[in-house]
Every structure is written in C-alpha cells, then in structure tokens.
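Encoded as structure tokens, the structure appears first; notes follow it.
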Amino acid sequence: MHLRIDPTRLTTPHEAVGDGHYDAVIVGSGLSGAIIAEQLCKEGKRVLMLEASPITNKSLRGYNEYVTNFFVSPSKDNQSPFPENPNAPMPRTPTLRKLQPGEVNTNSYIVQAGPYVSDSNYTRTLGGTTMHWEAKTPRMLPEDFKTRTLYDQGLDWPIGYDDIEPDYQRAEREMGVSGDVAALRYPGGSPYPKNYVYPMQGLPLSYLDHMVDRGIAGTSVELDGETIPLQVRPYPQARNGVPNAAYDGGKGYTPVGAVNTHQVDIGERCQGNTNCVPICPVQAKYWSGKTLAKVLRMNDELDKGEIKILPQAVASKVEINPENGHVSGIQVKVYKTPGSPEHETITVRGKIYVITTAAIETARLMLASGLPSSSGLVGRNFMDHAFILCWGLMPEICGTYRGSSCTGGILDLRNGPFRKNQAAFSVDIHNDGWGWATGSPYSDLTSLVDDGNLFGGPLRQGLVDRLSHQLLLAFMIDVPPSESNRITVDPQYTDALGNMRPNLSFTTPEYSMRGAAYARQFAKTVFSRLGVDDHTQYNPENYGYVVYEGVGYEIRGGNHLCGTHIMGTSKNNSVVDTNQRSWDHANLYLVGGGSMPSIGTANVSPTIAALCYRSARAMLKQLS
C-alpha cells in the first residue's frame, strides 16, 4: 500500500496558522486519530492532524529503521524501536524502580510516588501505540457494559453492547481481523450476528496451544459454587491471514500489507516471527499508518476531503472562548529537531477539535489547560488491566517461538456470577517463552554461562533444552474504575518544551487482587494437569511487587489505558457523552480509551475503534 507523505501532504506552522478553513483539528495519529480522519475526509471534510513526533516511518525503509533499532537495542522493552525524543517523551520501562511509600520517581516521564509503581506505557510516534500493540482483538462482553447493575462493581456505560455491535464490525474490517467466530461462540462469550464471519480466517492455534488444550481436557474449576470447564480457544487478531471468501456476503477481503512510498508485496501474511511486541518486522500486523495511507490518497480524489499533517507539533494548551465555552484554538509548540528544545508556539483553529492522544496524554493536556470538567473527573478513574504472570517448564518440547506472540488462551473465566466478589480474567498462552516474565532468552543465556559455566556446544544445547520447554501464562485481570486512581499535573515536573508531565497515582483495587490471588491458584491447577515444573517467582525488589493477604505478587500493566475522561449520562457524572463529545465544550471531542467507564477482560483497541465510528457520525452531523 502507498503512504505518500510528501511536501504536499505535510504542512508548515505558517500554513497551519494561516489556513482558517479546517473542519477539524485532530491531535494524534494513532488508532483513533486515523479512523476519525478517514471518516471525515471520506465525506469531503478538511482535516489538520497534529503529530508530536518526526515522521520517519512513512516508508518501508523508515519503518525498517525502527525494526533495526529493536534488534540492536540491549533493552527489548516496548519502546526500544523508537528513539528518545525529549520534546515528545514517552514512558519507558527501564526508567522504573522500586519505590518506598511516598518516594517519588521523577526520572521516568510519568511521575509516580511509591509504594506501587505502574509500568503502563504508550508510544508517541506516527501510528501511536498501534506500532507496538500485540493486536489481539476480542470484543467486550455485554455484561462489561453494566457491571454496576449486574455485580455492584464499577460503573455502567450509558450505552450497551448492542449499540456498538455494528461498529465492532466496521472496526474489524478496518483493522483486518483474522478470527474464527464459530470457536468464539461459547456460553458467556461475546454474541455475534448470525452468519457473521471475520474478514480473514482465524490464525491457527500454535503447537503449544494444542499441547495445553490436550493437557487440560476434562478439567473444570469451582468458583462461587459454579463448575467451569476449561478449554483453549483462539483469539481474533488484527494481523493478516488467509482471506475469508464468505466475508461481506461473499465479496471476500483483500489484506492490507506494508505501507510504503511505492507498491511492495510485503506484510500480506503473518510470518510467525513471534515479535509482535514491540514491532512487527513485516507489517502484517495492523497499525494506523494503513488507515492514514487511505486518507492521504483521498487528497487526489475530487469528491473527497483533504488532510494536512503537521509533524513535530506538540499540543500544549486547549484555548476556550469564555463567552460560550467553545474551544477557540489549540496552542501548539512546533520544535525544529528532537535534539533541541528550540520551538515556535502557534495556535491552530478549526470548527471542531478532536483529541486522540490516549488516556494519559489527553488528561494531561486538559488538566494543563485548566480544564478539569464540570464533574472534576478529568484524569480520574484511570484504568489498565492488571497482569500477573506464571511460568514453568513443560515436560516435553512444546514448540516455543512458533507463531505470533499469542494465538490462544483460556477465556472461560471472563464472565460469571463470581464477578460480584472478584475480578474476572482471561488467560493468554504465550508462544514467546518466558520473555515477558524473566527477559528470556537473554536471561537464560546469562544463567547458563554464569551459573552453569557452559560454553560452545553444551551452551547451545542448554539453550535449546530450556527454551523449547518454556510455558508462560499471562492473566489479564479486570480493574474497575476508582476516582483515586488518577492522572494529575504539577508545574514542578515539566518536559524539555516546558509542558507539564503526567503524574500517576494508582493502586490495584482489592477486587482485582482477589482475582489475581485466584489466578495464581488457577495456574497451579493447570500446571499440575500439564506436569509443568513451576518456576514462578515474584521478586520483592520488583517495582510492581505487592502483598495481598500475606502473599506477594508482581502486577504488570497491560498498556490498555482507559478511564480518564469517562462517558456518562450527564456533566455531573462524566466528562463526555455517548459520542465522546465534551459536556462543557460543544466543539470538543475527547476520543479514545479514556472515554470507557470499564475495561472488562478484552484488549481495548477494538472497542476504542468501534467508538470512533460512533463519534465520527456525530461529528459529521455537527459539521453539516
């Protein structure tokens, strides 16, 4: 696919200020920004998009530079492909450390105070966090939209599953989802319309998935008086597979491959590199550049709108007309190079304004602009999935490192009456060994050399023996909203451009910790059935270490950021309405996971994308 970002597609600060005819100013180029831009431009609207980073990955060569960065980086964290940029910094795991109660870590971009430290992160580059996401695309469950009513936990949404189900279908088309609907029709799962199929056939379960499924066959667990049988099921995924001829009433689907300045035949099928996070080496995984490529091509179509992109442009303040509360402009700091804070400050204007910078950055920008909302809820109710990891060695070679990072899991505890008392969870079976838990295979190499004194042939065989037996289960645990889990800003903590950095206060709720404690026992049951040698150890010196009922756990973040500008039924109980439009500012939309009042046990990107289509219709109506 062509992504043609040339001088006619980019704009300059002078042009952006002088052009007073933009229908919409969109802040951010990730999943939400790209979908909103595509929907508006398709209907003839003119869009200005602000991107905080330099635009270097517009070609295959530029994208592959990110891949090379990852390969040569000694730290294989989520952000390792993306260069440091003090003018648009992003959270990075290596900067985290264990904190004592009240101790503050200012070395990381997100300022946090102890004792609990979150490793949640997001990416500030063209494409946003779709550059490093895992790309699993399960839908939320109908019950996830009414947890207060059903379980007396969390918050109800002002809309239900049926309200956005058609938009889930639109999102699945745009992201190019491979999935097996038949395998996902199980009691308590997400309902699909009759005869619905995904755009592409489901990616096959890995050899490891099949081994786990055979090992747990006939196993059930008891929870709150309910007997729950266990089974491994495939995940739908936004990565290219075999097109489904039955899709769209038999019209089929054409996979979207790599983005480049000229046509290339790369990325039209997943190659099973087991490197989905932090970057797919071949662009078989969806990233929002694929949507932006479509938008940019609209510039050449007379019946379509136009998009201009202003790079290296960091939104610093939302300006408000005091007479009517409307947004009058967005103040932007445009820097010359990432290595220097030198910049000029401009104000850009449009008819509507759409902030799509993910939950933390959107809240940071609003609070830095002095806009906490009438409800005072901007920044509050921050959510991310709580993960605990359990790992061990299978008794037989299990095919580790075959397939994408995660192809299957145990989904049977996503739903049930037990949610009144403890958090639900889904279980990911990782095909990439112990990497997330221990830093494998690098930690294995170090251990075999330092502790085993191995070298040469015995070292190679030792690595093969250990890696080929590794099993990692990752439990993705529901976290309900809490007003005390929040983003704030403080003028004493700023970045190179003088913009206030986000401050995060977060503690995993007891409801979720009960789910985590049960998940650890669940893992022991599964390991026992599989004959796994359990190697799970939680280090008290780890930044995510917490003690619950006398037992220690390590809680990891899922980078599924939600809840800092939740939607609701009025300006008294929320920040935005069901279309993600601000209650206080009629021409401002806060679009993304921050609008979600709950997260359930589904990766949040499909729901974020679905909500974008709903919001885009409201924007077009407002602009008509």
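Work from the charge dipole of the range 481-568 (Cβ charges, +1 for Lys and Arg, -1 for Asp and Glu, about the Cα centre) and give the residue of H535, T494, A519 farthest towards its positive end.
So the residue we want is A519.
Under a crude label model (7 Å from the Cα following the beta-carbon direction), how far is V547 from D300 in nanometres?
Calculated label separation equals 6.5 nm.
Express in whole angstrom the spacing between the alpha-carbon centres of the range 346-376 and the range 506-544.
Cα centroid of the range 346-376 versus Cα centroid of the range 506-544: 38 Å apart.
On C-alpha positions alone, give me the angle between the axis of helix 161-175 and the longest principal axis of the chain, in degrees, nearest 10.
90 degrees
Compute the separation of the alpha-carbon centres of the range 401-430 and the range 155-218 and state it in Å as a whole number.
13 Å
Tilt of helix 60-72 relative to the longest C-alpha principal axis of the chain, in degrees (0 to 90, nearest 10)?
40 degrees
Given the pairs K194/K294; K251/K290; K136/K290; K304/K336; K194/K621, which span a C-alpha to C-alpha distance of over 25 angstrom in this model? Before the final figure, lay out each step's value.
Working: K194/K294 30 Å; K251/K290 21 Å; K136/K290 17 Å; K304/K336 32 Å; K194/K621 31 Å.
Over 25 Å Cα-Cα: K194/K294; K304/K336; K194/K621.
Give the label of the value calculated from the structure for Kirkwood radius over Cα pairs in Å, choosing from (i) 24.7; (ii) 29.3; (iii) 27.8.
(i)
Could you list the square roots of 5 times each eigenvalue of the Cα gyration tensor of the range 297-362, that is, the equivalent ellipsoid semi-axes, sorted largest first and rounded to whole Å? Don't jump to the answer; show the numbers that get you there.
Working: eigenvalues 102, 86, 29 Å².
Equivalent-ellipsoid dimensions as semi-axes: 23, 21, 12 Å.
When the Cα atoms of the range 324-406 are enclosed in a convex hull and the volume is divided per residue, what value in Å³ results?
In the range 324-406, the Cα hull volume divided by residue count equals 218 Å³.
Order the peptides 47-55, 505-513 from the highest to the lowest mean number of other Cβ atoms within 10 Å of their residues.
Working: 47-55: 24.2, 505-513: 20.0.
The packing order, highest mean first, is 47-55, 505-513.
With each pseudo-label sitting 7 Å past Cα toward Cβ, what's the R173-Y186 distance in nm, one decimal?
Label-label distance for R173 and Y186, simple model: 2.9 nm.
Please provide three numbers in whole Å: the alpha-carbon extents of the range 88-138 along the principal axes, with the largest listed first.
36, 28, 13
FRET efficiency for A586 and H14, Cβ-Cβ distance as r, R0 = 35 Å, nearest 0.05?
Numbers: r = 29 Å, r/R0 = 0.84.
Efficiency, rounded to the nearest 0.05: 0.75.
Rounded to the nearest 500 deg cm²/dmol, what is the calculated helix-only ellipticity per residue at 222 nm for the chain, with -39500 (n - 2.57) per DSSP H run of length n ≥ 4?
Working: 14 runs with 149 residues, N = 624.
Rounded to the nearest 500, it is -7000 deg cm²/dmol.
Which ³J(HN,Hα) values in Hz, rounded to whole numbers, follow from the phi angles of the range 315-320 under the Karplus curve 6.51 cos²θ - 1.76 cosθ + 1.60, where θ = phi - 60° and Gly and Pro get x?
Running phi through 6.51 cos²θ - 1.76 cosθ + 1.60 with θ = phi - 60° gives 5, 10, 7, 8, 8, 10 Hz.
Please work out the Kirkwood hydrodynamic radius for the range 532-581, using every pair of different C-alpha atoms, and report it in angstroms with one decimal place. Intermediate values should be presented prior to the final figure.
Details: mean 1/r = 0.0691 Å⁻¹.
It works out to 14.5 Å.
On C-alpha positions alone, give me the angle between the axis of helix 31-42 and the longest principal axis of the chain, in degrees, nearest 10.
That helix lies at roughly 40 degrees to the long axis.
State the extension gain, in nm to one decimal, for the chain segment bounded by I397 and H21, taking 0.36 nm per residue of separation less the distance between their alpha-carbons. Each step should come with its number before you reach the end.
Values: separation 376, 0.36 × 376 = 135.36 nm, distance 6.25 nm.
Difference between extended and current length: 129.1 nm.
How much of the DSSP beta bridge set in the chain is antiparallel, as a percent to the nearest 5? Could you put the intermediate results ahead of the total?
Values: 61 of 85 bridges.
Rounded to the nearest five, the antiparallel share is 70 percent.
Going by amide H atoms built from the backbone, whose H comes under 5 Å of the H on C276, apart from near neighbours?
Those lying under 5 Å, H to H, from C276 are S405.
Looking at the range 205-281, which chymotrypsin sites (Phe, Trp or Tyr not before Pro) are DSSP coil and have at most 14 other C-beta atoms within 10 Å of their C-beta? Write out the running numbers ahead of the final one.
Numbers: sites: Y207, Y247, Y253; in loops: Y253.
Filter output for the range 205-281: empty list.
In nm, to one decimal, how far is the modelled label at A217 from the one at E84, with both set 7 Å along Cα→Cβ?
Here the modelled spin labels are 5.4 nm apart.
Measuring from a point 7 Å past the Cα of K420 along Cα-to-C-beta, which residues in the range 510-524 have an amide N at less than 18 Å?
Residues passing the 18 Å test: 511-512, 514-515.
For E306, list long-range residues whose amide hydrogen, built 1.01 Å from N in the peptide plane, is under 5 Å from its own amide hydrogen.
Close amide H contacts, sequence-distant or interchain: K45, R46, V47.
Any read-out appearing in this document is the output of simple, stated calculations on the displayed coordinates, not a laboratory observation. Not measured: the values here are computed from a predicted model. Here the Cβ is made from the backbone with ideal geometry for all residues, glycine too, and neighbour counts use every protein chain on show.
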